[in-house]
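Every read-out reported here was derived from the displayed coordinates using simple, explicitly stated rules and does not represent laboratory data. A quick note: this is a predicted structure, and the numbers were derived from the prediction, not measured. Note that we place each Cβ from the backbone using ideal geometry, even for glycine, and neighbour counts take in every protein chain shown.
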Amino acid sequence: MPQMITTRILPLASLLLGASIFGFFYAWVCSTMWGLDASDPAIAIQSMQAMNASVRNAVFFPAFFLTPVVLAITSVLLVRSGQGKAGLWFALSAGVYAVGGFGVTALVNVPMNEALALVDVADAGNGAPEIWQSYSERWQTWNQVRTVASGVAVLLTGYGLLKIE
């Protein structure tokens, strides 16, 4: 494989993908959930249901699903090209994101989103505030975990870039 792909293009693609998913999670931390929490709970539930349904798209796919794949491929190719120190940092980044970003999302946030999708706001009636508060508090805690993990993964990727000779 040409050296430029291994030492420049894939590492930069890794950084871009990691930074994209970090930014996505971060936006939920610092604006989206605060805005929903300030809304009427029934509207917050409906809005979150709509956002969760819309996020499954081709624009979201590369950042969420391909980040650990590209990081791992970059790591392997860097090691094979004699850039073992850099490859190690990309491997660490892939592991941190796979567990703390992707794993937390798949094991916690997505099941919570699927449960919320089943809530019929009209049937929830006066129970909407309790439903939203219970959902929002737990969801935000786990979103903060995946945001921090994704941010750490970006930092590890950046450090790996600095180790490429």
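Among Tyr159, Tyr26, a tally of other beta-carbon atoms within 10 Å of each Cβ gives an order, fewest to most, of Tyr159, Tyr26. Shown for Leu16, Leu118: other C-beta atoms within 10 Å of each C-beta, ranked fewest to most, produce the order Leu118, Leu16. Residue by residue, region 150-165 carries 3J(HN,Hα) couplings of 5, x, 4, 4, 5, 4, 5, 5, x, 5, x, 4, 5, 8, 6, 9 Hz when phi is fed to the Karplus relation 6.51 cos²θ - 1.76 cosθ + 1.60 (θ = phi - 60°); x denotes Gly or Pro.
Remark: Asp37, Asp120 ranked as Asp120, Asp37, counting other beta-carbon atoms within 10 Å and listing the fewest first.
Annotation for region 128-150 versus region 6-38: alpha-carbon center distance of 17 Å. Each residue of region 76-92 was assigned a 3J(HN,Hα) from its phi angle through the Karplus curve 6.51 cos²θ - 1.76 cosθ + 1.60 (θ = phi - 60°); the sequence is 4, 5, 5, 4, 5, 8, x, 9, x, 4, 5, x, 4, 5, 5, 5, 4 Hz, with glycine and proline shown as x.
Taking each DSSP H run with n ≥ 4 as -39500 (n - 2.57) and averaging over every residue of the chain yields -21500 deg cm²/dmol at 222 nm.
Computed from backbone phi with θ = phi - 60° and the Karplus coefficients 6.51, -1.76 and 1.60, the 3J(HN,Hα) list for region 36-44 is 5, 4, 7, 8, 4, x, 5, 5, 4 Hz; x is used for glycine and proline. Considering only Cα atoms, the convex hull volume of region 3-162 works out to 88 Å³ per residue.
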